[in-house]
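A.B. asks: Below is a structure I'd like to ask you about.
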Amino acid sequence: MKPSIILYKKLPDDLRSRLDEHFTVTEINNLNAETVAQHAEAFQQAEGILGSGGKVDGEFLKKAPKLRVASSVSVGYDNFDVDALNQRGVVLMHTPTVLTDTVADTMMALVLTAARRVVEVAERVKAGEWQGSIGADWFGVDVHHKKLGILGMGRIGLALAQRAHLGFNMPILYNARKQHSEAETRFDAQYCDLDTLLKESDFLCISLPLTDETHHLIGEAQLAKMKSSAILINAGRGPVVDEQALIAALKNGTIHAAGLDVFEVEPLPVSSELLTLPNVVALPHIGSATHETRYGMARDAVDNLIAALSGNVEKNCVNPQVLK
Ligand code: 8YV
């Protein structure tokens with residue numbers, strides 16, 4: 001008998017077939033209280049789940065008593081209650097390596113787009129405003145040789161440091177839980193405390209996971225310490241930044257601009273004041289959203305599920321200790 005699993009994300013055909021070879025698959029659109037109730041019997045039997053988004057907590061686990069492995073198509077796993085999974089002995093798998101370069105590319109794109117006002121001026125061209133030689137009201141600010149501050153030096157922070165150092169000659173400052181010798185030796189990154197990072201960065205790039213410690217880590221007091229010419233970039237998780245404080249800082253000139261791929265509420269409500277600010281570039285959480293990388297993430301998530309359900313958690317496992 002093949003183990004039963006729930007799939008809550010559309011997969012490319014070849015990956016879906018690979019799942020079917022190994023498992024009896026029930027496919028649903030999303031993971032939420034409604035779909036869990038609708039497919040109660042399938043969740044009762046499920047030994048594995050695979051998808052992205054949704055909330056997997058103690059309440060959910062009660063509905064899936066046989067669950068052994070959760071395989072997330074993402075690097076971030078803030079939507080999982082890892083303590084509850086640990087208590088129940090459920091293994092959590094994720095896809096941390098395959099998306100690194102793509103997310104770092106997105107962050108660099110936000111740096112360039114916000115600094116050079118790419119979206120704003122391109123829209124002015126489309127609106128027919130380019131009528132003669134352009135004046136200072138079309139200018140942006142330079143990126144090269146400016147100080148790039150990185151908050152959170154994980155895989156993505158390191159890939160961003162590489163781009164900024166080698167491609168844009170930017171001096172790199174960073175703050176993280178611990179010093180990162182590779183970032184320092186390869187990209188000349190200098191470790192500093194959060195206050196120094198805030199005060200000295202021309203671009204403050206946030207690449208942190210969402211945890212109790214990082215929630216609203218950047219709020220009014222932190223924004224007040226930044227340069228008025230500084231640009232804030234967030235492509236980690238929205239709630240790391242207090243969005244209301246950010247809106248105020250962007251409106252009153254505390255900081256110059258922001259490039260955001262993530263928000264406190266996603267999709268970003270159309271009523272959000274962020275969308276009314278000319279100094280904001282807002283992207284729809286496209287950090288990893290290329291054909292190649294999303295395929296790679298889905299492939300890794302399928303491999304992770306197959307491996308973990310046969311007891312192999314050597315790679316890509318958040319909590320391998322639960323199998324010990
Ligand atoms: C997507 C992400 O949100 O990997 C993450 O943590 O935020 C993204 O790549 C999504 O989970 C892709 O399915």
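A.B. asks: Quick one: give the max-minus-min coordinate of the C-alpha atoms of the range 99-282 along each principal axis, largest first, in Å.
C.D. replies: Sorted from largest, the Cα extents of the range 99-282 read 51, 34, 31 Å.
A.B. asks: Still on this structure, I have one more. Among the listed pairs LYS147/LYS251; LYS10/LYS178; LYS10/LYS251; LYS147/LYS178, which are separated by more than 29 Å between their Cα atoms?
C.D. replies: Flagged as over cut-off: LYS10/LYS178; LYS10/LYS251.
A.B. asks: Another question, then. Cβ under 14 Å from PRO65's Cβ, PRO65 left aside: what net charge do those residues give with Lys, Arg +1 and Asp, Glu -1?
C.D. replies: Spelling it out: positives minus negatives among the neighbours equals +2.
A.B. asks: Per the Kirkwood definition applied to all pairs of different Cα atoms, how many angstroms is the hydrodynamic radius of the chain?
C.D. replies: 21.2
A.B. asks: Then there's this: In square angstrom, rounded to the nearest 10, how much accessible surface does TYR8 have for a 1.4 Å probe?
C.D. replies: 10
A.B. asks: Further question on the same structure: Can you tell me the FRET efficiency between ASP212 and GLU182 if r is taken as the Cβ-Cβ distance and R0 is 25 Å, rounded to the nearest 0.05?
C.D. replies: 0.35
A.B. asks: In addition: Could you check the simple spin-label distance between ALA127 and GLU266, using points 7 Å along Cα→Cβ, in nm with one decimal?
C.D. replies: Distance between label points: 2.9 nm.
A.B. asks: Residue-wise, which Karplus ³J(HN,Hα) couplings in Hz belong to the range 90-97, taking 6.51 cos²θ - 1.76 cosθ + 1.60, θ = phi - 60°, and x for glycine or proline?
C.D. replies: Each residue of the range 90-97 in turn: 9, 7, 10, 10, 9, 10, x, 9 Hz.
A.B. asks: Please report the relative contact order for the chain, taking Cα pairs under 8 Å with a sequence separation of at least 6, and give it as a percent rounded to a whole number.
C.D. replies: 18
A.B. asks: Tell me, what % of the accessible area of the range 99-282 is carbon and sulfur with a 1.4 angstrom probe?
C.D. replies: 52
A.B. asks: Right, something else. Residues with beta-carbon under 15 Å from that of GLU129, excluding GLU129: net charge, scoring Lys, Arg +1 and Asp, Glu -1?
C.D. replies: 0
A.B. asks: Leaving ligands, DNA and RNA out of it, rank ARG16, ARG88 by accessible area with a 1.4 Å probe, largest first.
C.D. replies: So, going from the largest accessible area down, we get ARG88, ARG16.
A.B. asks: On a 1.4 Å probe surface of the protein chains, which of LEU204, LEU166 comes out largest in accessible area, and what is the full order?
C.D. replies: Descending accessible area places them as LEU166, LEU204.
A.B. asks: Evaluate E = 1/(1 + (r/R0)^6) for ARG116 and LYS63, where r is the Cβ-Cβ distance and R0 equals 56 Å; express this FRET efficiency to the nearest 0.05.
C.D. replies: Computed FRET efficiency for ARG116 and LYS63: 0.70.
A.B. asks: Could you list which residues have their amide H under 5 Å from that of SER4, counting only those 5 or more apart in sequence or on another chain, with H placed in the peptide plane?
C.D. replies: Those qualifying (amide H under 5 Å, at least 5 residues apart or on another chain) are THR24, GLU47.
A.B. asks: Label-point separation (nm) for TRP138 and SER229, each offset 7 Å from Cα along Cα-to-Cβ?
C.D. replies: A separation of 2.3 nm, rounded to one decimal place.
A.B. asks: Let me ask something additional. Of all DSSP beta bridges in the chain, what percent run antiparallel (nearest 5)?
C.D. replies: If I count the DSSP bridges inside the chain, around 5 percent turn out antiparallel.
A.B. asks: Quick check on the chain: helices-only [θ] at 222 nm, where DSSP H runs of length 4 and up contribute -39,500 (n - 2.57) each and the sum goes over total residues. Nearest 500, please.
C.D. replies: For the chain, the value works out to -10000 deg cm²/dmol.
A.B. asks: Want the number for GLN87 to THR24: 0.36 nm per residue separation, take away the alpha-carbon distance, what's left?
C.D. replies: Between GLN87 and THR24, full extension yields an extra 20.1 nm.
A.B. asks: Can you send over the solvent-accessible area of ASP188, 1.4 Å probe, protein chains only, in Å² to the nearest 10?
C.D. replies: Accessible area, nearest 10 Å²: 100 Å².
A.B. asks: Enumerate the aspartates and glutamates that LYS55 could reach by cross-link, defined here as Cα to Cα under 15 Å, with residues fewer than 8 away along the same chain left out.
C.D. replies: Output for LYS55: GLU34, ASP78, ASP81, ASP83, GLU266.
A.B. asks: Select from the chain the helices, each a whole stretch of DSSP H, whose alpha-carbon atoms run 15 Å or more along the helix axis and whose Kyte-Doolittle mean is at least -1.0; answer none if there are none.
C.D. replies: 100-116, 291-309
The values are calculated or read from the model by the stated rules, or taken from the named source; none is laboratory data. These figures come from a predicted structure and were not determined experimentally. Note that each Cβ is placed from the backbone with ideal geometry, even for glycine, and that neighbours are counted across all protein chains shown. Each accessible area value is taken on the protein alone, full model and side chains, heavy atoms only, with ligands, DNA and RNA left out. Shrake-Rupley method; radii C 1.70, N 1.55, O 1.52, S 1.80 Å.
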